[in-house]
Amino acid sequence: MKSSERNRPSCLDQFDCSSEPGPEPERDNGTEDENRTKATLEALQKENRSLKELVIQLSALVIRKVTGKK
């Protein structure tokens, strides 16, 4: 290692690792997380229903194309 390389700052020097992490923010007994989880679940279920409807429509189009029916 060259002497100039030893004096060069490391990319890790920008982080202060000497201090202890701060306290975790208090949570509202998990109700916020539960509400967010429920909302996400409902959104995913709605998207799933939409995708199922799309698959049915596309399947019908393919069947009509293959059978030659309009």
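Only one of K69, K46 is in contact with a helix residue (DSSP H, G or I) (Cβ under 9 Å, 6 or more places away or on another chain) and not polar (S, T, N, Q). Can you tell me which?
K69
Might you let me know whether region 10-32 holds any residue that is among the charged types (D, E, K, R), at pLDDT below 70 and assigned to a helix (DSSP H, G or I)?
Taking region 10-32 as the starting set, the residues that turn out to be among the charged types (D, E, K, R) are 13, 16, 20, 24, 26-28, 32.
From the residues that got through so far, the ones that are at pLDDT below 70 too are 13, 16, 20, 24, 26-28.
Of the ones still in play, those that are also assigned to a helix (DSSP H, G or I) are 13.
Looking through region 10-32, at least one residue is among the charged types (D, E, K, R), at pLDDT below 70 and assigned to a helix (DSSP H, G or I).
The values are calculated or read from the model by the stated rules, or taken from the named source; none is laboratory data. The model shown is predicted, which means the values in this text are computed figures rather than measured ones. When we count neighbours, we look across all protein chains shown, and the Cβ atoms used for this are built from the backbone with ideal geometry, even at glycine.
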